[in-house]
Amino acid sequence: MRVVISKRAQAQLDRIDAWWYGHRDKAPERFEDELEEAKKFPEKTPALSSVFVVRGRRTIRWVLLPKTKVKLYFWVDERADIVHVLSAWGGKRGRPPQLAR
């Protein structure tokens, strides 16, 4: 499966990555490394990810990056063989992300 990252999610990923580089001097590349590994997970086993919400025919799921505590929200288009990443959200935030309808 191919991974497609939305513009919103890419902007969020860029902000998180910049923060990680600026604030984590002992492991500045941890987020980038964990993100690359996480991209493989929904490709291989999307049904094992936690369900966030079902909107019509789309089941939006999330997967947690365990070391950085960032959640990736995505849905899988099985016909097109694509994982659509919608949002990257800090796991410590007290509220879920606003996802485009």
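The values are calculated or read from the model by the stated rules, or taken from the named source; none is laboratory data. Just so it is clear, the model here is predicted, and its values are computed rather than measured. We place every Cβ from the backbone using ideal geometry, glycine too, and count neighbours over all the protein chains shown.
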Response to the item:
Taking segment 69-97 and keeping residues surrounded by fewer than 13 Cβ atoms within 10 Å (Cβ to Cβ), modelled with pLDDT of 75 or more and at negative phi leaves E78, R79, A80
Fill in: Qualifying residues in segment 6-30 (those that are among the hydrophobic types (A, V, I, L, M, F, W, C) and closer than 14 Å to K71 by Cα) - the one surrounded by the most Cβ atoms within 10 Å (Cβ to Cβ)
A9
Worksheet item: Of the residues that make up segment 14-21, is at least one part of a strand (DSSP E or B), closer than 18 Å to P97 by Cβ and out of contact with any strand residue (DSSP E or B) (no Cβ under 6 Å at 6 or more places or on another chain)?
Response: no
